[in-house]
Structure formats: C-alpha cells, structure tokens
1. Being without any contact (Cβ under 8 Å) to a residue 40 or more places away in the chain, part of a loop (DSSP other than H, G, I, E, B) and not aliphatic (A, V, I, L, M) is the filter here; which residues of the range 110-132 pass it?
2. Which residue is nearest to Thr62 (Cα to Cα), if the candidates are limited to the range 31-50 and must be among the hydrophobic types (A, V, I, L, M, F, W, C) and in contact with an Asp or Glu (Cβ under 9 Å, 6 or more places away or on another chain)?
3. Which one is farthest from Thr136 (Cα to Cα), of the residues in the range 59-79 that are part of a loop (DSSP other than H, G, I, E, B) and in contact with an Asp or Glu (Cβ under 9 Å, 6 or more places away or on another chain)?
4. Can you tell me which residue among Val19, Val30 is aliphatic (A, V, I, L, M), over 12 Å from Lys82 (Cβ atoms) and crowded, with 18+ Cβ neighbours inside 10 Å?
5. If I filter the range 89-109 for residues that are of a type in the set (Val, Ile, Thr), part of a helix (DSSP H, G or I), within 30 Å of Gly49 (Cα to Cα) and modelled with pLDDT of 90 or more, do I get at least one hit?
6. List every residue pair whose Cβ atoms lie under 8 Å apart, where the two residues are 6 or more positions apart in sequence or sit on different chains, the first residue falls within the range 36-57 and is in a loop (DSSP other than H, G, I, E, B) and small (Gly, Ala, Ser), and the second residue, located anywhere, is at pLDDT 90 or above and crowded, with 18+ Cβ neighbours inside 10 Å.
Amino acid sequence: MNHEPEQQPKSQKLQGEEVAKHNDDKDCWVIIHGRAYDVTEFKEEHPGGKNIILKYAGKDATETYDPIHPPDTLEKFLDKGKHLGEVDMDTIEQEQVEEDPDEQDRQERIKRMPILEQCYNLMDFEAVARRVMKKTAWAYYSSGADDEIVCTSRRKVVIPPSTMLTQYIDHERKPFSIPQDMVPSKNTGRR
C-alpha cells in the first residue's frame, strides 16, 4: 500500500492528516524539520533499527532525530524521490511529551559550561560534551557512529620530540604560544 507521493505544487503543503495515514511497517512516512519523508524502504537499512522509525511513523520525529544525526543525513542517504515536501505543521497533532527529569539539570550545566577559549585539548571538549549533551546524543557521538573512530582512539596524539620546546614557553603569554624567534626552522629543525 506504499503509494507514490503525488507531485506537490510549490505553494501547497502536505497536511498532517495525510502524513498520519502513513504509519505502519508497509507504508511509513516521518516528519523532520517540517518536511515529510517516505522511509518505508529505508527503515530496513537504518543503523539504529527500524523500530525507532516505526515509533514515529506518521508523526514528527524531529525532537528524537536531531541529537543523533548530522544535519545533512537525509540529503546524503535518502533518495531524493523519498523527499515528499513541506508539511503544514499547524495541522500536525501535537503529542504530550514527557519531560526528561534530567533535562532541567542539563540546562543548568549548559549555562555553566566554559567558553570555547577555556577548552585546550580534545579531552576538555569531550568532558564538556559529556556534561551538556543529551545522553542519547553523547552515546551516539562517543561511539564513533559518524566516523567509525571511537573516543578512546582519538586521544592518542603523537607529538614529535623536535616540537617539544617547553623550556622556551613564556608562561605570561596565552597558553601554547611560543616566541617566533624560538620556533625551529622548517628546513634544519634548529633555532
């Protein structure tokens, strides 16, 4: 019963009632950022499994989708013919979403998060991310699901001994700044 979407005039948006009809394993549409997508075939290939897609069949999945997908995921991985068009979000039935009890605490941690200039290395960024990201988002990104490299393997940084000029660091300067006259020449490796 998976019907092909009718060509939608540019000014006409899909209605929530129409999207809501496509809500099962054989005919599955979801709404993400106000646009409808036919994921009937894709759900079988979805790395997170088809059940999470079916949970949002015929509904708006944006809230769940955003924390764990890069912005260009649909453009990259879903056939353009499955991009159905804009949805009139005023016609979507709004579900009561239970607020995560940890969300208020997370919002407070976001307010106290250090500014970018206070993070000096990858471990600093990871520590901040672990505290302020939603649990599902942190689990996804720390697993290496985007680049197949897990967090622990990214921590190995090799610094050649010739770049270790700690005796020349001026501790009154900003972190990691070395006076230019102390930097080794690119050709000789000497000062």
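1. Our first condition is that a residue be without any contact (Cβ under 8 Å) to a residue 40 or more places away in the chain; within the range 110-132, this holds for 110-119, 121-132.
Filter again for part of a loop (DSSP other than H, G, I, E, B), leaving 112-115, 119, 121.
Matches in the range 110-132: Arg112, Pro114, Cys119, Asn121.
2. Step one: of the range 31-50, the residues among the hydrophobic types (A, V, I, L, M, F, W, C) are 31-32, 36, 39, 42.
Then drop every residue that is not in contact with an Asp or Glu (Cβ under 9 Å, 6 or more places away or on another chain), which leaves 31-32, 36, 42.
On the way: Ile31: 7, Ile32: 5, Ala36: 11, Phe42: 17 Å.
Step by step, filter the range 31-50, then rank; the result is Ile32.
3. So the first thing to find is which residues in the range 59-79 are part of a loop (DSSP other than H, G, I, E, B), and the list is 59, 61, 69-72, 78-79.
Next cut, in contact with an Asp or Glu (Cβ under 9 Å, 6 or more places away or on another chain) only: 59, 70, 78-79.
Working: Lys59: 20, Pro70: 14, Leu78: 22, Asp79: 26 Å.
Filtering the range 59-79 for residues that are part of a loop (DSSP other than H, G, I, E, B) and in contact with an Asp or Glu (Cβ under 9 Å, 6 or more places away or on another chain), the one farthest from Thr136 (Cα to Cα) comes out as Asp79.
4. On the way: Val30 fails: over 12 Å from Lys82 (Cβ atoms).
On inspection, the qualifying residue turns out to be Val19.
5. yes
6. Ala57/His22; Ala57/Cys28; Ala57/Trp29; Ala57/Val30
The values are calculated or read from the model by the stated rules, or taken from the named source; none is laboratory data. Because the structure is predicted, anything quoted here is derived from the model rather than measured. All Cβ positions, even for glycine, are placed from backbone atoms using ideal geometry, and neighbour counts span all protein chains on display.
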